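Here is the structure we will look at.
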Amino acid sequence: MKFKSKNLKSLPSTTASKIIVVTTEARLKTKAWSKILGKFEERVTKVFARLPEPLKAGSNVKVCGIERNDPDILISLLPDETSTFSLLNFARSQLKASLCSHVKELALVFLEPKFESALADTFGAAIATQIFEMPAYGKRLEKKKPFKLENVEIFSAKTQEKNAVYGFETGNGANLVRYLGTLPPNLLNTETYGKRISDIAKKYKFGFKFYSNKELKKMGAGAFTAVDQGNPNSKGGIYEITYSPRTSKNKKHIALVGKGLCFDTGGYDIKTNGFMLTMKGDMQGSALALANLVTASELKMPLKIKAYLGVTENHISPEAFTADQVVTALNGMSIEVINTDAEGRMVLSDTLTLASRGKPDTIIDFATLTGGAVYSIGTMYSAGFTNRDELHDKIKEAGVESGERVWTFPLGKDYAKRLESPIADILQCSKARGIDHILAAYFLSQFVDKDIPWVHIDLSCAENDNGLAHVDSMFTGFGVRWTMQYLKNKYKV
Ligand code: BES
Ligand code: ZN
Ligand code: ZN
């Protein structure tokens, strides 16, 4: 995709077949506006004259071309609420109203200088997600008409190319997450997922290391192994992928850790009543960690980042783990198993230990970890936790700024009692479910070196029925925008 910045005055000479003008009611009444429109003015004025009532903020009106080469113009009024989240939604809906698959050239006109950077970013993101082809099979695939968009011109006061490209890359990051999440579990299993991970690592020239399940067992990663052994044919393991640009500004790397359950049946505590459905998406934490590396690389972010992906699946077999077992994790802690469906924290505990041993500057982990997070905060925010109180505001700020919102929960010694085991160092979870998202986070904290600032994101908005912000699909691909923003703020890059 090519994004090109253009001078507002040159709008009438555009060759784009679709134009989206983002403006406000006040701006529509100015002379500058009619000057910018030039030869389009007559058509636009006519349509406005026929409107039964004035256009409302956040809505649009279409001005169709009359002659063969006339562009269709969509006049869109900025919404009253101009948070990044709201603008991502707005960009999605305006593109839906304008863009069709055959369009090769699109012109975006941003007439509000105060918002043009945010609009370039959010429209860039929404363009990436709108034109992306999600998995489809059989006749559904045959019927698909891929988008042909190649060029996007941006008419604005200042050049906005960079912001649009930034948005576009974050949108592509979300696409990678939701694409992998949507692949059916018979097509994305521990083996094929591993192949995709190593292909991506090769393509981006990332460092690549794979700890196979056999090696992990030998190393003493009993928590990972307990889950992985349920499928004797599992090709699971932990992937350590490194993005290390020459320009990197951080001496110690950043570690991103992800839960990668290709499928979560619940194990012997099997998921019933339809709760197993969509558990193909239980690998999205790992897909997000990976997509963050890809996006950082596309954006040439000057930071050294490692991703640790704990990839396996939760199945039933004579070898599968059961409640009441006691297993010893890689860091030497013994864990009393309470519920085989709380497999994510088992896999993550050993993955976090491995990440901790690399002595990173900071660790951020991502996981579709608990139903508790979804019950407590819903599917429009993700749930954040940290072992540093001063990071709460930073976590939330990155959410507001990026439009991928995270709200934080408390964590600390108060919760230790609830995970005391009579026979082991810690309970895997509590029988009482009420605050499982917090207890799961507390459990994970025990596998992170206390000297390392750590953030845990329980991805409650990985799944949302009508999509979220700039994304249409049920799997929202949430998190790349949040992560990029958090890292940009923290490392001032
Ligand atoms: N993958 C699930 C959590 C989940 C459920 C994420 C629904 C997104 C949507 C996780 O492995 C799980 O099953 N957690 C259990 C933990 C419980 C047994 C303590 C849960 O939340 O019910
Ligand atoms: Zn589970
Ligand atoms: Zn799970």
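The values are calculated or read from the model by the stated rules, or taken from the named source; none is laboratory data. These numbers were taken from a predicted model, which means no experiment stands behind them. All Cβ positions, even for glycine, are placed from backbone atoms using ideal geometry, and neighbour counts span all protein chains on display. Surface accessibility is based on the protein's heavy atoms, side chains included, excluding ligands, DNA and RNA. Shrake-Rupley method; radii C 1.70, N 1.55, O 1.52, S 1.80 Å.
Of the numbered criteria (1) among the aliphatic types (A, V, I, L, M); (2) out of contact with any strand residue (DSSP E or B) (no Cβ under 8 Å at 6 or more places or on another chain); (3) within 17 Å of residue 438 (Cα to Cα); (4) surrounded by fewer than 20 Cβ atoms within 10 Å (Cβ to Cβ), the one residue 338 fails is (2). Exactly one residue out of 136, 118, 125 is in contact with a His (Cβ under 8 Å, 6 or more places away or on another chain), among the aliphatic types (A, V, I, L, M) and in the same structural domain as residue 9 (by TED's automatic domain parsing): that is 125. The residues in region 232-255 that are surrounded by fewer than 16 Cβ atoms within 10 Å (Cβ to Cβ) and in contact with a Phe, Trp or Tyr (Cβ under 9 Å, 6 or more places away or on another chain) can be counted, and the count is 2. Of all residues in region 469-486, at least one satisfies being open to solvent by 20 Å² or more (accessible area, probe 1.4 Å), touching an Asp or Glu at 6+ places or on another chain (Cβ under 7 Å) and not hydrophobic (A, V, I, L, M, F, W, C). The condition (being out of contact with any helix residue (DSSP H, G or I) (no Cβ under 8 Å at 6 or more places or on another chain) and aliphatic (A, V, I, L, M)) is satisfied by just one residue among 342, 373, 355, 329: 355.
Counting only strands (runs of 3 or more DSSP E) that sit completely within region 285-382, those holding 1 or more residues that are small (Gly, Ala, Ser) and modelled with pLDDT of 95 or more correspond to 305-314, 334-336, 362-367. In the set 84, 24, 45, only one residue is in the same structural domain as residue 127 (by TED's automatic domain parsing) and over 30 Å from residue 402 (Cα atoms); that residue is 45. For region 141-157, enumerate the residues that are farther than 21 Å from residue 88 by Cβ and part of a loop (DSSP other than H, G, I, E, B). Answer for region 141-157, where residues must be farther than 21 Å from residue 88 by Cβ and part of a loop (DSSP other than H, G, I, E, B): 143, 144, 145, 146, 148, 150, 157.
Hey, any hits in region 296-315 for a residue that's open to solvent by 10 Å² or more (accessible area, probe 1.4 Å) and within 13 Å of ligand 2 (Cβ to nearest atom)? Yes, some residue in region 296-315 is open to solvent by 10 Å² or more (accessible area, probe 1.4 Å) and within 13 Å of ligand 2 (Cβ to nearest atom). Summed over region 192-231, the residues that are among the acidic types (Asp, Glu), open to solvent by 60 Å² or more (accessible area, probe 1.4 Å) and within 26 Å of the chain's Cα centre (by Cα) give a count of 1. Look at (1) open to solvent by less than 10 Å² (accessible area, probe 1.4 Å); (2) within 16 Å of ligand 3 (Cβ to nearest atom) and you find that residue 278 fails only one, number (1). The set of residues in region 168-186 that are closer than 20 Å to residue 1 by Cα and not in a helix (DSSP H, G or I) is empty. In this structure, is residue 258 buried (at least 24 other Cβ atoms within 10 Å of the Cβ), within 15 Å of ligand 3 (Cβ to nearest atom) and not in a strand (DSSP E or B)? The answer is no for residue 258.
Only residues that are at negative phi and out of contact with any strand residue (DSSP E or B) (no Cβ under 9 Å at 6 or more places or on another chain): list them for region 269-290, please. Across region 269-290, the qualifying residues are 269, 270, 272, 275, 277.
Every residue in region 188-208 that is within 18 Å of residue 477 (Cβ to Cβ) and either outside the structural domain of residue 295 (by TED's automatic domain parsing) or in contact (Cβ under 8 Å) with a residue 40 or more places away in the chain (or both), please. Of everything in region 188-208, those that are within 18 Å of residue 477 (Cβ to Cβ) and either outside the structural domain of residue 295 (by TED's automatic domain parsing) or in contact (Cβ under 8 Å) with a residue 40 or more places away in the chain (or both) turn out to be 188, 193, 197, 200. A Cβ distance below 9 Å, combined with a sequence gap of six or more or placement on separate chains, defines the contacts here; from region 309-330, residues that are in the same structural domain as residue 197 (by TED's automatic domain parsing) and farther than 30 Å from residue 207 by Cβ reach residues that are within 15 Å of ligand 1 (Cβ to nearest atom) and open to solvent by 60 Å² or more (accessible area, probe 1.4 Å) in the pairs 316/268; 316/270; 320/268; 321/268; 322/268; 323/268.
Counting the residues of region 459-480 that are away from ligand 2 (no atom under 16 Å from the Cβ) and in a loop (DSSP other than H, G, I, E, B) gives 14. For region 409-426, a tally of residues being open to solvent by less than 20 Å² (accessible area, probe 1.4 Å) and not in a loop (DSSP other than H, G, I, E, B) returns 2. Cβ separations smaller than 8 Å between residues 6+ apart or across chains give the following pairs from region 51-79 residues that are over 13 Å from residue 90 (Cβ atoms) and in contact (Cβ under 8 Å) with a residue 12 or more places away in the chain to residues that are of a type in the set (Ser, Thr, Tyr) and part of a strand (DSSP E or B): 75/23.
In region 261-275, the residue that is surrounded by the most Cβ atoms within 10 Å (Cβ to Cβ) out of those that are assigned to a loop (DSSP other than H, G, I, E, B) and more than 10 Å from ligand 1 (Cβ to nearest atom) is 268.
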